[in-house]
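Engineer: Before I ask anything, let me first share the structure, which is written out below as structure tokens.
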Amino acid sequence: MSNPVTFSSKAVGASSPTARFAPLSIQRRAPGPDDVQIEVLYCGICHSDLHQVRDEWKSVMPTVYPCVPGHEIVGRVARVGANVRKFAVGDMAAVGCMVDSCRTCPQCKAGEEQYCATMPTFTYNFPDKHLGGVTMGGYSDAIVVDQSFVLKVPASIDPARAAPLLCAGITTYSPLRHWKVGPGHKVGVVGLGGLGHMAVKFARAMGAHVVLFTTSERKRADALRLGAHDVILSSDPAAMTAQLGTFDFILDTVSAPHDLNAYLEHLKLDGSMVLVGAPAEPIPLGVFSLLFKRRRLAGSAIGGIRETQEMLDFCAQHGIASDIELIPAAKLDDAYARLLKGDVKYRFVLELASLK
Ligand code: NAP
Ligand code: ZN
Ligand code: ZN
């Protein structure tokens, strides 16, 4: 353990898959020479937090309790180590889903730390190289992170509305960029939640024709306001056949098992559908949905640090931020219940001042 000196931080966490959130005191390492200590102000609530807290991903990433989730972190720099040049005390800074990686494998060298050969160190529920145990996330009033994994928040973005950009933002921006979405493309976004609403904003800002697929008729007006040109209600059989074979690209953000084939059939020749939603259960695939039109089905995970900064700067340039509902810690359990029902407009953000 390289740095055993610690300090206490107030947090909220869960002690089992079924427990309600409760206050906790956790230990953070005192900042080393390359570290930035952040007073966390806001932390977005990602559906991944819910999957992890409830141990829904136990076959892939079992949860260690107590679990303090949160990887959409924005706050003020409180202390910096001797080698830190990028940040000064008082700066607005952000941390996303990763706090470290091996830094030597080809992916890390290419700035794609999210695909690190030995896995990046995720912000919570991942072995903590410094203190032992597992990492603890942003539902806490302080976090200490190596400067290489800390982002700058552009001054023009409201800090609370910036928080969800650190996961929902980069997870949707990265595949849209990788598949070079732009003018002349017809893009589908499946699901209007935290990720989906950012995907709609980004695809529109990149110049594409954007169509939202939703299970919720009540979200139609919001989808159009957020930037969609058109909305397809997935429970309407006529709507679900009217535009088959016409999409260049579809980004699927759905958090629960659903029929992929119905969306694949919307792709034109050589079109791609990318899954970013992460339901725990396997999903059946009818291969004919792929082979007759040489369609591609792929996945994508968050984005690298360099691209995350690019995304934040893109947001500043285009006046983009997340649409949020700010909540105190006491409302976390209610927020999770609403998230499960797809009832969110369009990201809950925890206000850490409520822990004081
Ligand atoms: P969210 O805010 O809960 O949004 C998910 C949306 O999916 C819902 O609002 C709903 O939209 C739709 N939906 C939910 N259940 C559905 C069902 N049974 N059938 C069809 N549609 C359904 O969640 P989120 O935070 O955006 O996260 C979405 C998923 O992405 C989660 O699984 C999360 O773990 C994953 N994720 C992955 C990455 C990555 O790196 N790949 C990063 C972050 C999150 P409508 O009401 O519009 O239908
Ligand atoms: Zn997330
Ligand atoms: Zn690596």
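Please treat every number below as a calculation from the coordinates, not as lab data. What you are looking at is a predicted structure, and each value in this text was computed from that prediction instead of being measured. Methodologically, a virtual Cβ is constructed for each residue, glycine included, from the backbone with ideal geometry; neighbour enumeration extends over all protein chains shown.
Engineer: Convert each backbone phi in the range 111-119 into a coupling constant with the Karplus relation 6.51 cos²θ - 1.76 cosθ + 1.60 (shift: θ = phi - 60°), then list the ³J(HN,Hα) values in order as whole Hz, x for Gly and Pro.
Structural biologist: My calculation for the range 111-119 gives x, 10, 4, 5, 10, 3, 4, 10, 6 Hz in order.
Engineer: Give the long-range amide H neighbours of LEU297: residues separated by 5 or more places, or on another chain, with amide H under 5 Å away, using H modelled in the peptide plane at 1.01 Å from N.
Structural biologist: Under 5 Å from the amide H of LEU297: MET273.
Engineer: Residue by residue through the range 62-71, which ³J(HN,Hα) values in whole Hz follow from phi under the Karplus form 6.51 cos²θ - 1.76 cosθ + 1.60 (θ = phi - 60°), with glycine and proline marked x?
Structural biologist: After applying 6.51 cos²θ - 1.76 cosθ + 1.60, I find x, 8, 9, 9, x, 10, 10, x, x, 9 Hz.
Engineer: Hey, another quick one. Out of the DSSP beta bridges found with both residues in the chain, what percent are antiparallel (nearest 5)? Write out the running numbers ahead of the final one.
Structural biologist: Details: 34 of 60 bridges.
Within the chain, antiparallel bridges account for around 55 percent of the total.
Engineer: Can you compute 3J(HN,Hα) from phi for each residue in the range 120-134, using the Karplus curve 6.51 cos²θ - 1.76 cosθ + 1.60 with θ = phi - 60°, rounded to whole Hz and x for Gly and Pro?
Structural biologist: So the J values, rounded to whole Hz, are x, 7, 6, 5, 9, 6, 9, x, 8, 5, 8, 10, x, x, 10.
Engineer: For the chain, with a Gaussian network of springs between Cα atoms less than 10 Å apart, report the residue from LEU151, LEU326, LEU166 with the top mean-square fluctuation.
Structural biologist: Answer for the Gaussian network model of the chain: LEU326.
Engineer: For the range 101-116 and the range 56-89, what is the centre-to-centre distance using only Cα atoms, to the nearest Å?
Structural biologist: If you average the Cα positions of each part, the centres end up 18 Å apart.
Engineer: Would you mind working out the magnitude of the charge dipole of the chain relative to its Cα centre, with +1 at each Lys and Arg C-beta and -1 at each Asp and Glu C-beta, to the nearest 20 Debye? Don't skip to the end; give the middle numbers.
Structural biologist: Working: 36 positive and 34 negative charges, 71 e Å.
The calculated dipole for the chain is roughly 340 debye.
Engineer: Now for a different question. Based on the mean of other beta carbon atoms within 10 Å per residue, what is the order of 153-159, 30-36, most packed first? Intermediate results must be reported in sequence, preceding the final value.
Structural biologist: Details: 153-159: 15.9, 30-36: 18.7.
Ranked by mean Cβ neighbours within 10 Å, highest first: 30-36, 153-159.
Engineer: Using alpha-carbon positions, what is the distance between the centroids of the range 157-191 and the range 244-302, in Å?
Structural biologist: Here the answer is 17 Å between Cα centres.
Engineer: Using a simple charge model, +1 on the beta-carbon of Lys and Arg, -1 on the beta-carbon of Asp and Glu, nothing else, what dipole does the range 172-299 show about its Cα centre, in debye to the nearest 20?
Structural biologist: That gives the range 172-299 a dipole magnitude of about 440 debye.
Engineer: If you count, for each residue, the other Cβ atoms within 10 Å and average over each peptide, how do 335-346, 115-126 line up from highest to lowest? Walk me through the numbers before you get to the answer.
Structural biologist: Values: 335-346: 16.4, 115-126: 19.9.
Listed from highest to lowest mean packing, they are 115-126, 335-346.
Engineer: Which one of PRO282, VAL187, PRO328 is farthest out on the positive end of the charge dipole of the chain, using unit charges on Cβ (Lys, Arg +1; Asp, Glu -1) and the Cα centre as origin?
Structural biologist: Highest projection toward the positive end goes to VAL187.
Engineer: Calculate, in whole percent, how much of the Cα-Cα pair population of the range 172-299 lies beyond 26 Å.
Structural biologist: Working: 850 of 8128 pairs.
Result for the distance tail: 10 percent.
Engineer: If the viscosity is 1.306 mPa s and the temperature 10 °C, what translational diffusion coefficient in µm²/s does Stokes-Einstein give for the range 39-143 when Rh comes from Kirkwood over Cα pairs?
Structural biologist: Once the numbers are plugged in, D ends up at 108 µm²/s.
Engineer: Just the Kirkwood number for the chain, please: inverse of mean 1/r across all distinct Cα pairs, in Å, one decimal.
Structural biologist: Numbers: mean 1/r = 0.0485 Å⁻¹.
Over the chain, the inverse of the mean reciprocal pair distance is 20.6 Å.
Engineer: Amide H of PHE348: which non-local residues (sequence gap of 5 or more, or other chain) have their own amide H closer than 5 Å, using H built in the peptide plane?
Structural biologist: ILE45, GLU325
Engineer: Could you pull out the pairs from LYS109/LYS293; LYS109/LYS186; LYS58/LYS356; LYS129/LYS152; LYS10/LYS152 whose alpha carbons sit more than 27 Å apart here?
Structural biologist: Working: LYS109/LYS293 36 Å; LYS109/LYS186 33 Å; LYS58/LYS356 33 Å; LYS129/LYS152 24 Å; LYS10/LYS152 24 Å.
Pairs exceeding 27 Å: LYS109/LYS293; LYS109/LYS186; LYS58/LYS356.
Engineer: With each run of n ≥ 4 DSSP H residues scored as -39500 (n - 2.57), what mean residue ellipticity at 222 nm is computed for the chain after dividing by its residue count and rounding to the nearest 500 deg cm²/dmol? Could the numbers behind the result be given before it?
Structural biologist: Numbers: 11 runs with 81 residues, N = 356.
-6000 deg cm²/dmol, from helical runs alone.
Engineer: Check every DSSP H run in the chain and write down those whose alpha carbon atoms cover 15 angstrom or more along the long axis and whose mean Kyte-Doolittle hydropathy is 0.5 or greater. Mind dumping the intermediate values first?
Structural biologist: On the way: long enough: 168-178 (16 Å, -0.28); 194-205 (17 Å, 0.48); 305-318 (20 Å, -0.61).
TM-like helix candidates: nothing returned.
Engineer: Further question on the same structure: Students often check this: by mean Cβ neighbours within 10 Å, which of 15-25, 59-69 ranks highest, and how do the rest follow? Please list the in-between numbers first.
Structural biologist: Numbers: 15-25: 13.5, 59-69: 17.6.
My ranking of the peptides, most packed first, is 59-69, 15-25.
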